[in-house]
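Structure record follows, encoded as structure tokens.
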Amino acid sequence: MENRLNMTRRHFLEKASLGLGALAMSSFDMASGAGGPGGLIPHFAPRAKRVIYLFQAGGPSQLEMFDYKPELRRLHQQELPESVSMGKRVTDFTAAARKPMVNPFTGFKQYGQSGTWISDLLPYMSEIVDDICVVKSMHTDAINHDPALSFFQTGSQLSGRPSIGSWLSYGLGSSNDNLPTFSVLLSKGSGRTDGAQPLQSRLWGSGFLQSLHQGVQFRSGKDPVLFLNNPPGISQMNRRGVLDHLKQLNQKYYEKEGNPEVYSRMAQYEMAYRMQTSVPETMDISQEPDSIFELYGPESRIPGTYAANCLLARRLAERDVRFIQLYHQGWDQHNNLPDHLTKQSRDIDQPSAALIKDLKQRGLLDDTLVIWGGEFGRTNYCQGKLTADNYGRDHHPYCFSMWMAGGGIKPGISYGETDELGYNIIKNPVHVHDFQATLLHLMGMDHEKFTFKHQGRRFRLTDVHGKVVKDILA
């Protein structure tokens, strides 16, 4: 009793911090259960258990793929009216240039019971139109690639914020103790191969959240995750012994310093140990039947392709990985669009449709949210020289298309509308923060309540605005 009375304030705070540390460790353990490391649970019953996000880096042209505008045929080569552009900001590439409108080189047809318009570039995707919701009224704040990519993936044009997958890892934790909660797969398109926009690892970073929530990149080749395998001469028993001793040292360090990131690092070491067995099994597609390779297309047998990554995404979804992010580069068609876009569309058409069909036949589509889209769209006017068979399109943030399927999304609809020239939205605009709010809602999270306090401010993925797009919910 006397010792308690004589405790100094510093001693009390030190003991209190250790108690909080124990709480922190117990909540980190919760990451593999129902709640996340913040002790969070879904705010309401989720419609989706996992997300597969097929991100098309570079800005796919909605006018050649999803947003049919026959009026552009009549006005081909005519200057874009100022009454349409309304002095809106454009990139430096076209700020002082002529803006002749250009008719898409490809045709469109209506498909399915929904009668959705789909480009001739996407014959396989035309088969799944009654399973997807095409949103034609997306708009964003950024006009150049890097800030636009950051805005979609983190909710901010500035670096340093957590990515969507990291937020979900923090809030909901993992459903599989042996694989990362947030997995990332990259592929390079066959469209624009000269100077495709680079991807920075901060796009799947954890920002100010604990580092264990960052995305883990899976690579093609014999080492899918770098530095995962034991060095020569180190057995699994040796590895286990090293980790056990390291855990003891880290525990002593934590008791001295009280840094919760120590527990993040310990959790990452343990995950890496378990992944030594789980990752090779997951990445080994050799046991898949020929019918599956035929469904996804011939490139699905080639590691590192978009098709192979779509197949791996299904395998990760089967194993209850929470957030699976695919990035496909090569969509930045400033010139030679007819050739580049044809090749790029061929990359993604069959595998994207196959993923929806495959998930559906396995009963996984109902609780898997699949998203397809880029960081912005393309202009209705030509960039560079316009010839009879060649042209390019510049960045266009004011209206573009993306699609979603499964996981609580209403199937077989088109949402939103652009004007007859495909330059402005005239019905049901969907901002990037609206999209993010809707994604979180489908995962059971209220985007306004889902916050993290950092440097005295409560941050959230949707920053200070955004609303759930209820009209597209099933």
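Quick note: the coordinates plus some simple rules give every number you see, no bench work behind them. Given the structure is predicted, the values throughout are model-derived calculations rather than measurements. No Cβ is skipped: glycine too gets one built from the backbone with ideal geometry, and neighbour counts run over all protein chains shown.
Give me the net charge of residue 431's neighbourhood, meaning all other residues with Cβ under 13 Å from the Cβ of residue 431; Lys, Arg count +1, Asp, Glu -1.
Numbers: positive: 467; negative: 141, 434, 463.
Taking every other residue near residue 431 into account, the sum is -2.
If R0 is 56 Å, what FRET efficiency do you get for residue 474 and residue 234 from their C-beta distance, rounded to 0.05?
Efficiency computed from Cβ-Cβ geometry: 0.65.
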- Task: Could you tell me which of 313, 390, 249 has its Cα farthest along the dipole of the chain towards the positive end, charges placed at Cβ (Lys, Arg +1; Asp, Glu -1), taken about the Cα centre?
- Result: 249
- Query: With each label point set 7 Å from Cα along the Cα-Cβ vector, what nm distance links residue 366 and residue 91?
  - Reply: 4.4
- Global form of the stretch 114-156, assessed from the alpha-carbon gyration tensor, a/c cut-off 1.5: prolate
- Task: Read phi for every residue in the stretch 451-465 and hand back ³J(HN,Hα) as whole Hz from Karplus 6.51 cos²θ - 1.76 cosθ + 1.60, θ = phi - 60°, with x for Gly and Pro.
- Result: 10, 9, 7, 9, 6, x, 10, 8, 8, 9, 4, 8, 6, 10, 8
- For the stretch 82-118 and the stretch 248-312, distance of Cα centres in Å: 40
- Query: Under 5 Å between amide H atoms, partner at least 5 residues away or on a different chain: which partners does residue 474 have, H built in plane at 1.01 Å?
  - Reply: 409, 410
- Task: List the aspartates and glutamates whose Cα lies under 12 Å from the Cα of residue 99, skipping any in the same chain that are fewer than 8 positions away.
- Result: 79, 82, 394
- Task: Excluding residues on the same chain fewer than 8 positions from residue 247, give the lysines whose Cα lies under 25 Å from its Cα.
- Result: 15, 256
- Determine the gain in length on full extension of the stretch residue 451-residue 284; use 0.36 nm per residue of separation and subtract their C-alpha separation, reporting nm with one decimal. 56.3 nm
- Item | Relative packing of peptides 89-99, 413-423, 257-267 - highest average C-beta neighbours within 10 Å first | 413-423, 257-267, 89-99
- Message: Output the 0 to 90 degree angle, nearest 10, between the alpha-carbon long axis of helix 145-154 and the longest principal axis computed from the alpha carbons of the chain.
- Response: 50
- So who's got an amide H within less than 5 Å of the one on residue 322, skipping anything under 5 residues away but keeping other chains? H placed 1.01 Å off N, in plane. 175
- Message: Residue by residue through the stretch 302-309, what is 3J(HN,Hα) from phi via Karplus (6.51 cos²θ - 1.76 cosθ + 1.60, θ = phi - 60°)? Round to whole Hz and write x for glycine and proline.
- Response: 9, x, x, 7, 4, 4, 5, 5
- Item | Backbone HN-Hα couplings from phi across the stretch 253-268 [Karplus 6.51/-1.76/1.60, Hz, Gly and Pro as x] | 5, 5, 4, 7, 9, x, 8, x, 5, 4, 5, 4, 5, 4, 5, 5
- Item | Cα-centred dipole magnitude for the chain, charges only on beta-carbon of K, R (+1) and D, E (-1), debye, nearest 20 | 1240
- Task: Quote the convex hull volume per residue of the chain, based on C-alpha atoms, as a whole number of Å³.
- Result: 160
- lysines whose Cα lies under 25 Å from that of residue 109, excluding same-chain neighbours fewer than 8 positions away: 69, 136, 343, 357, 360, 410, 427
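Using 0.36 nm times the number of residues separating residue 386 and residue 77, minus their current alpha carbon distance, what extension gain do you get?
Stretched fully, the residue 386-residue 77 segment lengthens by 110.4 nm.
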- Task: May I ask you to derive the FRET efficiency for residue 335 and residue 458 from their Cβ-Cβ distance with R0 = 35 Å, giving the value to the nearest 0.05?
- Result: 0.20
- Message: Quick check: the angle from helix 432-442's long axis to the longest principal axis of the chain, C-alpha only, nearest 10 degrees?
- Response: 60
